[in-house]
Structure formats: C-alpha cells, structure tokens
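Trainee: Before anything else, here's the structure in question.
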Amino acid sequence: MGNQGEIELIKSPIQGFIADLHHRYQHLQDGVVANYIPELAKVNPKLFSIAIATVNGDVYAVGDVDHLFTIQSISKVFVYGQALADRGRDYMLTRVGVEPTGDAFNSIILDEQSKRPHNPMVNAGAIATTSLIKGNDPTERLNRLLDMYRRYIGHDVFVDISVFTSERSTGHRNRAMAHLMLNFGMIDAQIEPVLDLYFQQCAVMVNCRDLAVMAATLANKGVNPLTQETAVDSGCIKDILSVMYTCGMYNFAGEWAYKVGIPAKSGVSGGIIAVVPGQMGIAVFSPPLDSRGNSVRGVKVCEELSQEFGLHLFDCSSRFWDKLGMIAAPTFRNGN
Ligand code: GLN
C-alpha cells in the first residue's frame, strides 16, 4: 500500500477481505487494456486497487490506491447529477432517456421515436448531458464540473492534458454522435465546446480511494462522508442510482444487476464504482477490460464482495454490518 495521505486506513474484517481478494485476483491475466484512446494504451496492466468508503467515513483500501488515472465514463454519473441539479428531472427526460440499450457504450443509436439518446450512461447520452451543464462560457462550465468533483472527493482535481488531447484528436465516433444529435435538435449548443467539456470531464485524474469516497457520497444522500460537504442535492440521488443500476455496466447491466445487485458504473481506464445505498461506496481499479469494456478484475471483485457481505439490494440480510459486529447504520434502507 502506498502513502496513505490524509485518510487513515483502518484494520477490520473488511480490510482483511479486500486484501485477500487483491491477493487472489492480482494474478488474473484476462482482459485487454483500452487502446482506442492512444494515451490509455500506455497504462501498466498490473495496476490493481480496491477501496471501500462507508457512510460513517471509514475508508479501507488495498493495492495501488494512490495511483492516479483518468475517470473516463465514471464521470457520466456525476455529470448527470449536475445536469439534473441544473435543469431538473422533467427537462432532462426530454433530452436524455433512461432506457438500457443492450448495446455497447459507444453505439451510435438514438431512440427511434423521440430521437433522444437512450440513457446518460452511454456516450451519446453523456454527451447530450454534458451539453446541458450550465455556465456562461466553456471556462465557467469546466470550473463548475471541477468544483463538483472537488465536493465529491474532498480535494481539488485536475484534467490530464495528454489524455484529453489524445481523445480530442481521435474521438471521431463521439464527434459523429454529437453531430447526429445536433441534427435532431437534441443538442443545441456548439458541438466542439461540448465535446471538449465531455473529453475534459473524462480526463479528470482520480485514484481508487477518491472513487470510493465519491461512491460513498452517493450512498450518503449526496453528502461527502469525510468532509460533510453536500456534493449534490439529495433529491437527485434516486434518479442517479436508478440509471446506474439499469444502465451503468453497458450491455452487461442485466447480468450485473442479477449477480451483484447494486448500482454501478465502469470506465474504459479500468475503474468501477458501486454504491450500496445508505451503507458504502466501493471502487476497484484494474485496467484490463472484458469485451463489454468493464474491468475484468473489477467485476470479479464486486461479485465476491456482494456475495460475501450480502450487498445485493434484494438480499434482505445485513451481513455487512454483522461482520463488522455492528447494527446497520440508521440510514440503512429505512430512509431516515
Ligand atoms: N472518454 C471515453 C469515450 O468517450 C469514455 C468511455 C468509457 O469510459 N466507457 O469513449
């Protein structure tokens, strides 16, 4: 484990379990690092970290937890939350649907009738969502997103310029989607500044522990459990978690809901976040991806965590808190 920064990592059955998971899966060689964004292809496939942050503010982490990587598609969750806060739910629904596609994250398909992108967790929907972030000019919009990330994580973040420019110069497929949506009036802003903001939101640097805290903030009704700062209005949480649950893992979303059973989101740089409402945020980072663009080790780790601690939302036991020797947190599933 690297430098522990300002967060104290604590020993517990959770720490022991994630250390064991890390040990067991670090030798798994399956999957391929994303290379369609040239800069991402340079990453070391052996990097691997797991972090859990609870709504009580405890953080457990193992592996390369300080390694910084670009957040990529995991950004879609948080930017969707910001757009919901900026525009309101009803307006958002006129621009971006909430239906899973069953297609790949980068498919160029819009809803036949409404011409909306299917949901905000695939590229087309995320680009439309980014176009709805409020701000007077590109700098203000970027600063609003950077400040949003800061609230979720608890410290300032920055955009990796080399990944941003790498994607901007090669992201023709995303550019094509943006033009298609412009054609149907689903985007009314200028295309290039929207794409720039989308590529920038994807190129924000985070580490695995940051992602766990961001996920825990969603689990904690939008309040960062370490800083107590509100990152997003609690009224948006249900909408955000719903689309994560049904659409967050792309064309693996159904199987994920069946096996793991908690809202989640993955990104091509190898991150996965998962949110156990009222309890905790989970993050895994491991760059090699499966054919659907989800981290191979990340999926395995989340499957085991869900199994071991009874995290599936439709599992009525509270094994996680039992294992910690605690009664369930008061917010757990009773909405208080
Ligand atoms: N920036 C990436 C893209 O638009 C994000 C995709 C992802 O992480 N799945 O292609």
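Trainee: Restricting to segment 78-117, what's the tally of residues that are farther than 30 Å from residue 230 by Cβ and in contact with an Asp or Glu (Cβ under 9 Å, 6 or more places away or on another chain)?
Mentor: Within segment 78-117, the first condition is being farther than 30 Å from residue 230 by Cβ, and the residues that meet it are 101-104, 106-115.
Retained after the next criterion (residues that are in contact with an Asp or Glu (Cβ under 9 Å, 6 or more places away or on another chain)): 109, 111.
Counting residues in segment 78-117 that are farther than 30 Å from residue 230 by Cβ and in contact with an Asp or Glu (Cβ under 9 Å, 6 or more places away or on another chain) gives 2.
Trainee: Quick check on my filter: what residues within segment 192-218 are outside any helix (DSSP H, G or I), open to solvent by 10 Å² or more (accessible area, probe 1.4 Å) and within 16 Å of the ligand (Cβ to nearest atom)?
Mentor: The first filter runs over segment 192-218 and keeps only residues outside any helix (DSSP H, G or I), leaving 203-207.
Next cut, open to solvent by 10 Å² or more (accessible area, probe 1.4 Å) only: 205, 207.
Matches in segment 192-218: 205 only.
Trainee: Next up: List the pairs whose first member sits in segment 169-182 and is among the hydroxyl-bearing types (Ser, Thr, Tyr), whose second member is more than 10 Å from the ligand (Cβ to nearest atom) and at pLDDT below 95, and whose Cβ atoms are under 8 Å apart, counting only residues at least 6 apart or on separate chains?
Mentor: 170/38
Trainee: Do we have any residue at all in segment 94-104 that's in contact (Cβ under 8 Å) with a residue 24 or more places away in the chain, more than 13 Å from the ligand (Cβ to nearest atom) and of a type in the set (A, V, I, L, M, F, W, C)?
Mentor: For segment 94-104, residues in contact (Cβ under 8 Å) with a residue 24 or more places away in the chain, more than 13 Å from the ligand (Cβ to nearest atom) and of a type in the set (A, V, I, L, M, F, W, C): present.
Trainee: Just to verify a result, which residue in segment 110-126, among those that are aliphatic (A, V, I, L, M) and out of contact with any Pro (no Cβ under 8 Å at 6 or more places or on another chain), is surrounded by the fewest Cβ atoms within 10 Å (Cβ to Cβ)?
Mentor: 122
Trainee: Select from segment 30-76 the residues that are outside any helix (DSSP H, G or I) and without any contact (Cβ under 8 Å) to a residue 40 or more places away in the chain and list them in ascending order.
Mentor: First pass over segment 30-76, keeping only residues outside any helix (DSSP H, G or I): 30-37, 43-71.
The answer is 35, 46.
Trainee: With (1) modelled with pLDDT under 95; (2) open to solvent by less than 10 Å² (accessible area, probe 1.4 Å); (3) within 16 Å of the ligand (Cβ to nearest atom) as the list, and residue 14 as the residue in question, which single condition is left unmet?
Mentor: So the condition that residue 14 fails would be (3).
Trainee: Continuing with this model, one more query. Counting only residues that are under 30 Å from residue 229 (Cα atoms) and open to solvent by 40 Å² or more (accessible area, probe 1.4 Å), how many does segment 155-191 have? If you could, list the steps in order and put the result at the bottom.
Mentor: Our first condition is that a residue be under 30 Å from residue 229 (Cα atoms); within segment 155-191, this holds for 155-161, 163-164.
Narrowing the set further to residues that are open to solvent by 40 Å² or more (accessible area, probe 1.4 Å) leaves 155-156, 158, 161.
Number of matching residues: 4.
The values are calculated or read from the model by the stated rules, or taken from the named source; none is laboratory data. Every value quoted in this text rests on a predicted model; they were computed, and no experiment measured them. Cβ: placed from backbone, ideal geometry, glycine included. Neighbour counts: every protein chain shown. Ligands, DNA and RNA are stripped out before the accessible areas are found, and what is left, the full protein with its side chains, is counted by its heavy atoms. Shrake-Rupley method; radii C 1.70, N 1.55, O 1.52, S 1.80 Å.
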